[in-house]
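The values are calculated or read from the model by the stated rules, or taken from the named source; none is laboratory data. All of these numbers come straight from a predicted model, not from anything done at the bench. All Cβ positions, glycine included, derive from the backbone under ideal geometry; neighbour counts span all protein chains shown. For accessibility, only protein heavy atoms count, side chains too; no ligands or nucleic acids. Shrake-Rupley method; radii C 1.70, N 1.55, O 1.52, S 1.80 Å.
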Protein chains: 2
Amino acid sequence: MKNLFYQPAIESGVHYLDPEESRHAAKVLRKKTGDTIHVTDGKGNLYTCSITEPRPDKCAFTIQSIEQEAKKSFRIHIAIAPTKNPDRIEWFVEKAIEVGIDEISFIECDNSERTSIKLERIKKLAVSAMKQSLKFSSAKINSIKQLGDFIKTVTAAEKYIAYVDQSNPDQLARVANPSGDYLVLIGPEGDFSPAELGLAIETGFKKVALGPSRLRTETAGLVACHTLNLINL
Amino acid sequence: MKNLFYQPAIESGVHYLDPEESRHAAKVLRKKTGDTIHVTDGKGNLYTCSITEPRPDKCAFTIQSIEQEAKKSFRIHIAIAPTKNPDRIEWFVEKAIEVGIDEISFIECDNSERTSIKLERIKKLAVSAMKQSLKFSSAKINSIKQLGDFIKTVTAAEKYIAYVDQSNPDQLARVANPSGDYLVLIGPEGDFSPAELGLAIETGFKKVALGPSRLRTETAGLVACHTLNLINL
């Protein structure tokens, strides 16, 4: 399998591709009637399909077989402050999906340099990254919330806040348990404020370090995501 | 310390900053005579300096004290195929330096889509990344070589070739030993050819996987780099 198409409504009987994907199948890849394509619903299912009508605006197919993605024993949710340069946070989304992530939230912090994100653009990018890395589950992408509001509502068994300080807190790689339901908070360039750190700790978050290097926000996010994937390898 | 300046010739008595860095110190940060700045030579030393003349073209200083970076017990060298889109390989260089890397080489492979790199641009970017992450050792950046020529000349105690196949080879995170002298080969989007894989294995490279996900070249490079940093945490 070299190409993966996305049709989130396939289970509800939508057996054709959206215009952009139809164009890709019919025009770019020149798929013909009877050709096999692979379609995912982003919900863990891979459909092997046969094209019935390769229209470049509405490429229709029938389902030949269904395969389910192997269930993972862990779940990764990262809540991150948008970077001043939006490219950097988009880069994080793309790379985290490649490496493996289940949910991404955006948080507005005391030291945030940017308090908005282009949610639709990021969701689209997330789908591209899923297809590119041949995954069958799309990451859940949430809109931005104030950190205080966010941490009041979230539930996760293992809650961490990445924080750079000189008292050398515990390393995420050492404190996180395999097969966990993780949530990691990643702050803006100026880091979380002491008040935010206090609030998180009160709410059950544990302060962790992400290695000895000073990392940019988006790098810290990816490093946290990769660390949690590695301890579950 | 919030800013780090770079003067590779400081040990040879060059006690002023280059024009670009002088401008940054004098014009952007408005440093004055008597102000303290931190300068690294990229060879593991941090100099605490006092400005004697804040000229925007040649900012002069005297050395107050020298501090050496703690020696690491391991060494990471990654040899990677340039990506079609040069931004992606530059991104790899920046992120690998943030996470921690000692040497980067570029390799031309059978399936390479690009066989050249902008070496001077990448070296400059590497220095920026070193300063940004407040490190005092610059990564060695080598020009591009044919894979065959490259693997004949390199020496490293632990040599790995990242290769995607279905026989599920050993995971880098499991086979690499702490405190190692590592070299990891990362192939182009079409991966290494069977001939290249055979040649590498003959030359003492071990085939490894980088987790269950299909990764782009630049992501694979960063994941390898971070994995080796993590097992030495």
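If I go through the range A:1-16 residue by residue, how many of them are in a helix (DSSP H, G or I) and surrounded by fewer than 17 Cβ atoms within 10 Å (Cβ to Cβ)?
Counting residues in the range A:1-16 that are in a helix (DSSP H, G or I) and surrounded by fewer than 17 Cβ atoms within 10 Å (Cβ to Cβ) gives 2.
For the range B:120-168, enumerate the residues that are among the β-branched types (Val, Ile, Thr), touching a residue at least 40 places away in the same chain (Cβ under 8 Å), farther than 15 Å from B:Pro8 by Cα and not in a strand (DSSP E or B).
Scanning the range B:120-168 gives B:Ile151, B:Val154, B:Val164.
Would you check if A:Thr52 is away from every other protein chain (no Cβ under 13 Å) and under 30 Å from B:Ala209 (Cβ atoms)?
When the stated conditions are applied, A:Thr52 does not pass them.
Report whether or not B:Ala81 is away from chain A (no Cβ under 13 Å) and over 18 Å from the mean Cα position of the chain (by Cα).
Here the answer is no, as B:Ala81 does not meet what is asked.
Return a yes/no flag: does the range B:18-28 have any residue that is open to solvent by 40 Å² or more (accessible area, probe 1.4 Å) and in contact with a helix residue (DSSP H, G or I) (Cβ under 9 Å, 6 or more places away or on another chain).
Checking the range B:18-28: not a single residue is open to solvent by 40 Å² or more (accessible area, probe 1.4 Å) and in contact with a helix residue (DSSP H, G or I) (Cβ under 9 Å, 6 or more places away or on another chain).
Taking the residues in the range A:101-119 that are in contact with a Lys or Arg (Cβ under 8 Å, 6 or more places away or on another chain) and not in a strand (DSSP E or B) as candidates, determine which candidate is modelled with the highest pLDDT.
So, considering only residues that are in contact with a Lys or Arg (Cβ under 8 Å, 6 or more places away or on another chain) and not in a strand (DSSP E or B), the one modelled with the highest pLDDT is A:Asp102.
Restricting to the range B:37-47, give me the number of residues that are closer than 13 Å to B:Leu17 by Cα and either part of a loop (DSSP other than H, G, I, E, B) or touching a residue at least 60 places away in the same chain (Cβ under 8 Å) (or both).
2
Could you check B:Asp57 against (1) in contact with a Lys or Arg (Cβ under 9 Å, 6 or more places away or on another chain); (2) in a loop (DSSP other than H, G, I, E, B); (3) closer than 30 Å to B:Tyr163 by Cα; (4) not hydroxyl-bearing (Ser, Thr, Tyr) and say which number it fails?
(3)
Of the residues A:Ser50, A:Ser65, A:Ser22, which is assigned to a helix (DSSP H, G or I), over 30 Å from A:His226 (Cβ atoms) and polar (S, T, N, Q)?
A:Ser22
Report, by residue number, each residue of the range B:169-221 that is open to solvent by less than 50 Å² (accessible area, probe 1.4 Å), without any contact (Cβ under 8 Å) to a residue 40 or more places away in the chain and part of a loop (DSSP other than H, G, I, E, B).
Within the range B:169-221, B:Ser213, B:Leu215 meet the criteria.
Inside the range A:50-73, can you point out the residues that are in contact (Cβ under 8 Å) with a residue 40 or more places away in the chain and open to solvent by less than 30 Å² (accessible area, probe 1.4 Å)?
Hits for the range A:50-73 are A:Cys59, A:Ala60, A:Phe61.
Tell me, which residue of the range B:101-116 that is free of Cβ contacts under 8 Å to residues at least 40 places away in the same chain and surrounded by 21 or more Cβ atoms within 10 Å (Cβ to Cβ) is farthest from B:Lys131 (Cα to Cα)?
Per the criteria, the residue is B:Phe106.
Is there a residue being more than 26 Å from A:Pro169 (Cα to Cα), out of contact with any Pro (no Cβ under 7 Å at 6 or more places or on another chain) and away from chain A (no Cβ under 12 Å) anywhere in the range B:206-214?
Checked the range B:206-214: at least one residue is more than 26 Å from A:Pro169 (Cα to Cα), out of contact with any Pro (no Cβ under 7 Å at 6 or more places or on another chain) and away from chain A (no Cβ under 12 Å).
How about the range A:135-147: which of its residues are touching a Leu at 6+ places or on another chain (Cβ under 8 Å) and surrounded by fewer than 16 Cβ atoms within 10 Å (Cβ to Cβ)?
Matches in the range A:135-147: A:Ser143 only.
Restricting the search to the range A:222-233, which residues are surrounded by fewer than 24 Cβ atoms within 10 Å (Cβ to Cβ), more than 8 Å from chain B (Cβ to nearest Cβ) and either outside any loop (DSSP other than H, G, I, E, B) or in contact with a Ser or Thr (Cβ under 9 Å, 6 or more places away or on another chain) (or both)?
Across the range A:222-233, the qualifying residue is only A:Asn232.
Please determine whether any residue of the range B:164-171 is on the phi > 0 side of the Ramachandran plot, within 14 Å of chain A (Cβ to nearest Cβ) and not acidic (Asp, Glu).
Yes, the range B:164-171 has at least one match.
Exactly one condition in (1) modelled with pLDDT under 95; (2) open to solvent by 60 Å² or more (accessible area, probe 1.4 Å); (3) more than 14 Å from chain B (Cβ to nearest Cβ); (4) farther than 23 Å from A:Lys43 by Cα is false for A:Asp87; which is it?
Evaluating A:Asp87 over (1) modelled with pLDDT under 95; (2) open to solvent by 60 Å² or more (accessible area, probe 1.4 Å); (3) more than 14 Å from chain B (Cβ to nearest Cβ); (4) farther than 23 Å from A:Lys43 by Cα leaves (3) as the failure.
Test B:Val164 against the criterion of being of a type in the set (A, V, I, L, M, F, W, C), open to solvent by 70 Å² or more (accessible area, probe 1.4 Å) and out of contact with any Gly (no Cβ under 7 Å at 6 or more places or on another chain), and give yes or no.
So B:Val164 fits the description; yes.
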